[in-house]
Every structure is written in C-alpha cells, then in structure tokens.
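Take a look at the structure below.
Quick note: the coordinates plus some simple rules give every number you see, no bench work behind them. Just so it is clear, the structure is predicted and the values come from calculations on it, not from any experiment. Note: ideal-geometry Cβ built from the backbone for every residue, glycine included; neighbour counts use all protein chains shown.
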Amino acid sequence: MKLDDYEKEVIAIAEEISYYLQQSGANPSDSQDIAQDVLVKILTSDIVLPFEKLRAWLYRSAVRAYIDKYRRDKHYHDILQKEFFHQNGWTKFDDRSYEPLYRAIAELPSKYQLVLDLYYFQEMTTKEIAKILGQSQSLVKINLHRGRKQLAKTLTEKGYHYEDF
C-alpha cells in the first residue's frame, strides 16, 4: 500500500503527538493509543484539512482524548476506593500480627511475591492469576509452590513457623 503525502504528514504528526503526550505525563502505551485513535479518526473522516490546520486539529483532539481518559481513569479509581477499600472489607491478614509474614514475603523474588499476594491476599484462583499475568496456569502453580517453599525457609530462618500464619 502506497501512502500519499497527506497520509505521511498525518502519521508524522501522530508520532509527534505520542511523544508530546509522553512528555506531558502519559505512559507510552496510552500516548500511542491516543495518537493512533486520533490518526484513525482523521484518516477515516471525509474531511481533508489543509496542512496548516491539520497539526492544530490533531493536537487539540489528542489532548482532549487524553483529558477524557484521565477523567475516566480517575472516576474508576474513585469507585474502587469507595467500593472495595472500606473497613468492612478487611481480611484477617490486616492484623498487625502478620507483619513478620509481610516482611518475609517482601524478601522473596517479585514473581513469587506477586502470585502469593494474588492467591492468598486477593483470593484469586490460579486460573484468574494466569489470565492476569499472561502466564500458563501450570507456571502459576509452580511459582506458588516455589514461593511457599522459599517463604517457609525464610520464616524458619527468622524463628517463625510457616504454619503459624
């Protein structure tokens, strides 16, 4: 497929927009998604803007899309805070007596920390964890087993017993 000059110009501006959004605080994937959305919007529309107005329109559209995404994410975060992080939702692990357990888990490699946290503290199944992490269910089970084993060793070295928790 051969791109004409107009499409090449739009693609170059979209790359600029992605960079601009990253410099403004957006993470790389969000900035690329927004730039792509704006790019698709102009290329699929029936309107052909002159080059001198094109850049301003694309930047304005991208900034508005970024602000909308920021507001939407903030709204979802507020809902999560209100619905899931209230005192009635505390688990038995919120007690201070579990502090040695948390310190021992913090010493584990991050791949074990993550699966142990999701499995025990977030009460997710291995199937859900595998889907979230993009791993096979068997790898999640292996990491759970190895994490438990290493956690038991760490707790024993500190004078605690794995079964106490």
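In nm, to one decimal, how far is the residue 54 label point from the residue 141 one, both placed 7 Å along Cα→Cβ?
Label-label distance for residue 54 and residue 141, simple model: 5.6 nm.
Using R₀ = 25 Å, calculate the FRET efficiency as 1/(1 + (r/R₀)^6) where r is the Cβ-Cβ separation of residue 6 and residue 77; round to 0.05.
Values: r = 39 Å, r/R0 = 1.58.
Efficiency computed from Cβ-Cβ geometry: 0.05.
Can you pull the Rg over Rh of segment 1-41, Cα-only, Kirkwood? The partial results should precede the final answer.
Details: Rg = 10.8 Å, Rh = 10.4 Å.
Reported Rg/Rh, Kirkwood definition of Rh: 1.04.
Given the Cα-Cα distance of residue 131 and residue 158 and 0.36 nm per residue of separation, how much length would full extension add, in nm? Let's see the in-between values first.
Values: separation 27, 0.36 × 27 = 9.72 nm, distance 3.41 nm.
Extra length available between residue 131 and residue 158 comes to 6.3 nm.
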